[in-house]
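Down below is the structure, laid out as structure tokens.
Rule-based calculations on the coordinates, nothing more; no lab input. These numbers come from a predicted model, not from an experiment. Using ideal geometry, Cβ is built from the backbone for each residue, glycine included, and neighbour counts are taken over all protein chains shown.
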Amino acid sequence: MLVREIMHRNPITASPDLSLQDAYRLMNDRNIRHLPVLREGRLVGLVTDRDLRLATSSLATRPFPPSATVGEVMKSPVTTADPLDPVEVAAHTMRELKIGCMPVLEEDALVGIFTGIDLLDAMIRLTGVHRPSGRLEVSLADRPGELARLTGLLSERDVNIQSILSYPDESGNLRLVLRVASIETRPLAEALCKAGITIVWPQQRSCR
Amino acid sequence: MPVVLYHPEYGAYAFDADHPFSPLRIEMVLDLLHEAGVPVELVAPESATQDELATVHDSAYLGAVADVSRSPADPRFEYGLGTQDNPMKAGMDLGAARIAGGTLTGARMIAEGKASKVLQMGGGLHHARAALASGFCLFNDLAIAIRDLTSRGLHVAYLDVDVHHGDGVQSIFFDDDHVLTLSLHESGEYLFPGSGWTHELGRGMGRGFKLNVPLEPFTEGDNYLEVLDMVAQPALEYFRPDVLVVQAGADAHFADPLADLLLTTQTYEALFRRILTYADRFSAGRLLLTLGGGYSLEATPRIWTILYLVLFGYPIFENLPAAWIERWRKELGPDPPRTLHDPPHPYETIPRREEINRHNRLMAQRLLDAVSMLWL
């Protein structure tokens, strides 16, 4: 999954001359928290609702007045993403830097933006159930051919696989969660178990 | 007197011999009632017409079902036809249309005041979508019956106690505020079809009228009844349905081979008595019951026999007739039951019981919290 699949195109932007008052109103009206700042079409900074609140807070040593400009409080330079970046790489960057959004640049042009919420949407798409399906969880040895053997066994039984998630478990095996187009996951698990696949779910006493 | 609907053509809705959705389950119930000397009077319904099926299903889907029923060798995977779960045989559409006709007849008899309580001895095909066969279900007889009721301006509460989420009925009425659906099921994290979360509350006008309680695997009977009461009572009190429609699947029983809940026949008797009470309190006694899932040939016929006895107010007999056990020896397995109810302590103690109970209560509470903002 690439950044261009999850980003919002045509993001709402601000100019550096916009007052903090107007930037605040713009965020409220459009229900957004991040404004890329453009000067003559080029990204020069980013201002968030948090930046505005901190800059104007009465708790600040020298609070900015509402008439101050976005250019005075924006963060610069901005960490950006490319439309062809994988979403997991973008997630990694956002986690490392503890930032809430990334503007997306193509060459030097701003073409989109995505936030942590869009990454959550991506996670829901990656892990979600989109058609009626049953769940099969197996543990495979981490070596070539294991997944092929599993999918071969499913194919022999005409079982359609709708999604596969995998992650390494504590013991170094590959944990696989498959969504399959079948209500009969228990008989299926038993058949797989008999063929030597380690079944994690559905639980069963034994397949011998 | 309650009306019981059945037609021999229901048996034409059969998959391969070893497929779990077996018409034998209903034959075993009727035979058990007969052997036990319980009076049974069956009313034979008409088939649903293509127009009636089309009140819920897309015409392209109906065309595909007709095609595949004529030539089962050509599956239509885009409609779920001819898959592992929904293998197709010649003439299957006739059986499915007869079953849909049965549930529809039940709805009409109630709407026209000809009956107050109806038991459809079949049906409950709650996974079928407008254009998708799914989970052994070809035509959604429940949705077709409910649509007939709502087209007359009636409000319908639908309670689904099958162990699988009633996803087909929910999706067909997702934006409809005339239909309240409540499904209790094993959590989609573990079981087909994977949906049925507390956040699935309906869309648009229907928001707040679609209720789901996902239950942990190995949920036991007492806790099941507790969370049912937690949700069903306030929901029915709020919604005040004209008719209560119940999908009485029997696959939440501990012996069921396809799922992991641990209800006993004793739980089912208490559950069915509650359903009658709900109907009397909240829908002026108007109740349409269908069967549904239930894949243990040993347990399912006993559960639905109990349903029949509870519905008619007949006493629950204790011993199973020897002739019945003998006749169904193959289906009942090597260690056939001797009594209508399960024996005491029929399964091993569940070490995680308290954790499971707590989590299920939390699910019910989370659902009630979410809808409390919408039920104003």
Original post:
Among B:V245, B:V38, B:V169, which one shows the biggest mean-square fluctuation in a GNM of chain B, springs joining Cα atoms closer than 10 Å?
Top reply: B:V38
Original post:
What's the center-to-center distance, using Cα atoms, between region B:220-276 and region B:316-336 in Å?
Top reply: 26 Å
Original post:
Taking the inverse of the average 1/r across all pairs of different Cα atoms in region A:129-201, what Kirkwood radius in Å do you get?
Top reply: 12.3 Å
Subject >> Shape of chain A, Cα gyration tensor, a/c cut at 1.5 >> reply: prolate
Original post:
So which cysteines in chain A don't have a second cysteine's C-beta under 4.7 Å from them?
Top reply: A:C101
Subject >> Rough spin-label spacing in nm, given labels placed 7 Å along Cα→Cβ, for A:H130 and A:T61 >> reply: 5.2 nm
**OP:** Find the Cα radius of gyration of region A:3-124, compare it with 2.2 N^0.38 Å by division, and give the number to two decimals.
**Re:** 1.06
Original post:
Mind checking the dipole of the protein assembly as shown: about its Cα centre, +1 per Lys or Arg Cβ, -1 per Asp or Glu Cβ, Debye to the nearest 20?
Top reply: 800 debye
**OP:** Determine the distance separating the Cα centre of region A:168-199 from the Cα centre of region B:1-72; give it in Å without decimals.
**Re:** 34 Å
Original post:
Which peptide among B:151-160, B:186-195, B:106-115, A:56-65 comes first, and what is the full order, when sorted by highest mean count of other Cβ atoms within 10 Å?
Top reply: B:186-195, B:151-160, B:106-115, A:56-65
**OP:** Can you find, among B:Y6, A:L176, B:T219, the residue farthest towards the positive end of the dipole of the protein assembly as shown? Put +1 on the C-beta of Lys and Arg, -1 on that of Asp and Glu.
**Re:** B:T219
**OP:** Could you estimate the translational diffusion coefficient of region B:3-372 from the Stokes-Einstein equation, with Rh from the Kirkwood formula over C-alpha pairs, at 37 °C and 0.692 mPa s, in whole µm²/s?
**Re:** 161 µm²/s
Subject >> Descending semi-axes in whole angstrom, ellipsoid equivalent of region B:6-109, from the Cα gyration tensor >> reply: 27, 19, 9
**OP:** Return a whole-number percent for the relative contact order of chain B, with Cα pairs under 8 Å and 6 or more residues apart as the contact set.
**Re:** 17 percent
Original post:
On average over all directions, what projected area in square nanometres does region B:224-376 have, based on the convex hull of its Cα atoms?
Top reply: 10.4 nm²
Subject >> Where GluC sites (Glu not before Pro) fall in DSSP loop in region B:306-376, at most 14 other Cβ within 10 Å >> reply: B:E318, B:E348
Original post:
Just in region A:151-191: which GluC sites (Glu not before Pro) are loop by DSSP and have at most 16 other Cβ atoms within 10 Å?
Top reply: A:E170
**OP:** Report the far tail of the P(r) of the protein assembly as shown, meaning the percent of Cα-Cα pairs longer than 48 Å.
**Re:** 23 percent
Subject >> Sparsely packed trypsin sites (Lys or Arg not before Pro) within region B:276-376, loop by DSSP, other Cβ within 10 Å at most 15 >> reply: B:R338, B:R352
